[in-house]
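Remarks on the structure that follows.
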Amino acid sequence: MSTVVNFVCSPEEAKDSNYLEQRIRKELTLDAQTQLEFRWRKRSIDARQRQIKVNASFDVAVNTVLAPRFEDQEFKLLAPDAPVVHIIGAGPAGLFAALQAVTQGLKPIVFERGKDVRARRRDLAKLTKAHELNPESNYCFGEGGAGTYSDGKLYTRSKKRGDVQKVLEWLVQFGAKADILIDAHPHIGTNKLPQLIEAIREQIIDSGGEIHFGHKLTDIEISNGQIVQIQINHTQHISVSKLILATGHSARDIFELLRRKKIEIKAKPFALGVRVEHTQTYIDGLQYHGRLSDDYLPPASYSLVTQVENRGVYSFCMCPGGIIAPCATADGEVVTNGWSPSKRNNIYANSGIVVGIEPSDFKNENDPFVCLDFQKEIENRCWQAAGQTQKVPAQGLADFVNGTISTAFPRSSYQPGIVSVNLKEIFPAFVYKRLRQAFLDFDKKMPGFITNDAVVHAPESRTSSPVLIPRDPISFQHTQIANLYPIAEGAGYAGGIVSAAIDGLNCVEKIAQTLVNL
Ligand SMILES: Cc1cc2nc3c(=O)[nH]c(=O)nc-3n(C[C@H](O)[C@H](O)[C@H](O)COP(=O)(O)OP(=O)(O)OC[C@H]3O[C@@H](n4cnc5c(N)ncnc54)[C@H](O)[C@@H]3O)c2cc1C
């Protein structure tokens, strides 16, 4: 018999396999002699009450063996005459689109402006230590995309469970721990992601696909409403029949290219604000009622949301045990985001706190670049205010709320450095006032959240795309250019690693259907 057993236990019991076996036997009224196999199915921590609990769910096999969690996907060798799909960008969307192409018998040819994961790491070190920014190889550009040096959080608001499961299973197949299939809030960690991305690349190439690094899309040629040719690095010209644009939302030159070519794009609401950093022990104490994370309890996280003057203000991409990273992609700007290693064992806990920004917040709301221009302006103001390097403006959280400049900072994980600035002077009032009120609301939900022991870093500005590239919701084709497939975060259809990967999978499935129907 195979069955599922659910119960609630303490964090210590959840780590004790003897306890778990006895408990499962008790739940199923099995004696000690009956043959039993079990494994975790789902796991979540409930820290709402002082008595912290683990909601535990197990797959159990009685007098039989457990079936494998899932069947590995087979990636066959492509036929020499397989139809070609060109993919721009090797982020989660581009890589999963390429893998899906292989499963559908299509040959993916991927062009990525940045470097492979290993070479990219050297550019990140230069950025962090020497403030030297490579506009083609940084935290957002390069193999694996923006998700490579991240916390690798894999939860998504996507409702399509089947698709989410498929992405997680493929990640396990390429080297992620099976825990990501179990945990309610799975994550991989910066130290584990690069190997996984290399394994995906090797699979794509072994199957007959191609990935070209240092290959930037610089122009497109349109004829009779179709893209007929693309230009790479201003010199190389390649004919295309299906072009997937998976360039992420930091590729501003792509938005400019589309505008220049009179390809329809629209302004899109996005979110912008700051990244706040407490110590992890402080957040543990608040979330675990005075207890600290240990062998039984992971570093605590939080998720906060409020409404201020009819606008959502919320925590974004919270990184327990993490670091704040310099995520600019061009000179003249500073940008923050966060990452964590797999063990989440850094001493800091950081999170974006962001306000929804609407095109209607501005006079020229019909300009497709209205939100993008605002995003750029804030990033540039922060760069100016912090001394035109990769240092960022910062303020103690209590000082931010009081509107007073900070005279001293306890600490910051942001390695390029921080400069004391009154952030009230950086953000327009409609942003600052909402952030301020949101912090006051959050302090009611998590008493103690506001403290000058927490440091506010600015800006958190690359939350989602400020530009939409419109497409048909069923076919994924651009509304004007039939063989252009704008996907994932850069086009405005995803927010995060998993949803970007899902968009890549689904787009290629649609392309494959059209090719079969020809
Ligand atoms: C530091 C950091 C931490 C993050 N943490 C998380 C997290 O924990 N969980 C989560 O879900 N999300 C996280 N995110 C967001 C996540 O990385 C993105 O949502 C996701 O990567 C979007 O995938 P994508 O494929 O649409 O675009 P991207 O990942 O942005 O990939 C686009 C790719 O296209 C390439 N490209 C751009 N222009 C061109 C061109 N002209 N020619 C060729 N190539 C081009 C870029 O170099 C890039 O590699 C984080 C982001 C950052 C920066």
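The values are calculated or read from the model by the stated rules, or taken from the named source; none is laboratory data. Worth saying up front: this structure is predicted, and the values here are computed from it rather than measured. We place every Cβ from the backbone using ideal geometry, glycine too, and count neighbours over all the protein chains shown. Side chains are part of the model used for accessible areas, which takes the heavy atoms of the whole protein and leaves out ligands, DNA and RNA. Shrake-Rupley method; radii C 1.70, N 1.55, O 1.52, S 1.80 Å.
Structure notes:
- Accessible surface, 1.4 Å probe, highest first, among residues 242, 444: 444, 242
- Within the chain, the longest run free of exposed loop sites, counting GluC sites (Glu not before Pro) that sit outside DSSP helix and strand states (H, G, I, E, B) and have at most 11 other Cβ atoms within 10 Å, spans 310-518.
- Backbone N within the stretch 86-104 under 16 Å of label point (7 Å from residue 239 Cα along the Cβ vector): 86
- Per-q log10 I(q)/I(0), the stretch 2-62, q = 0.14 Å⁻¹ (Debye; single scatterer per alpha-carbon; no solvent): -0.38
- Gap separating the Cα centres of the stretch 472-493 and the stretch 88-104, nearest whole Å: 15
- Per residue, in Å², the accessible surface of the stretch 2-62 once ligands and nucleic acids are set aside, probe 1.4 Å: 60
- Separation of the alpha carbons by more than 23 angstrom is noted, of 266/424; 376/510; 115/510; 153/177; 216/261; 15/42, for 266/424; 376/510; 115/510.
- Annotation: amide H-H contacts under 5 Å for residue 325 (H modelled 1.01 Å from N, sequence separation of 5 or more, or interchain): 337, 338, 339.
- Whole-Hz ³J(HN,Hα) from phi, Karplus 6.51 cos²θ - 1.76 cosθ + 1.60, for the stretch 295-302, glycine and proline x: 5, 9, 10, x, x, 6, 10, 8
- Gap separating the Cα centres of the stretch 407-456 and the stretch 241-293, nearest whole Å: 19
- Backbone amide hydrogens, once placed in the peptide plane, bring residue 247 within less than 5 Å of 487, 490, excluding anything fewer than 5 places away on its chain.
- Per residue accessible area in Å² of the stretch 267-460, where ligands, DNA and RNA are left out and the probe is 1.4 Å: 37
- Overall, the accessible surface of the chain at a probe of 1.4 angstrom is composed of carbon and sulfur to the extent of 48 percent.
- More than 25 Å apart - percent of Cα-Cα pairs taken over the stretch 264-382: 36
- Taken one residue at a time, the phi angles of the stretch 449-454 give Karplus couplings (6.51, -1.76, 1.60, θ = phi - 60°) of 4, 7, 7, 7, 6, 9 Hz. Gly and Pro are set to x.
- Amide H partners (placed H, <5 Å) of residue 267, local residues excluded: 468
- Phi to ³J(HN,Hα) by Karplus 6.51 cos²θ - 1.76 cosθ + 1.60 over the stretch 279-293, Hz, x for Gly, Pro: 7, 5, 5, 5, 5, 3, x, 5, 7, 9, 6, x, 7, 9, 5
- DSSP beta bridges confined to the chain are antiparallel in about 80 percent of cases.
- Kirkwood Rh in Å, taken over the chain so that all alpha-carbon pairs contribute: 24.3
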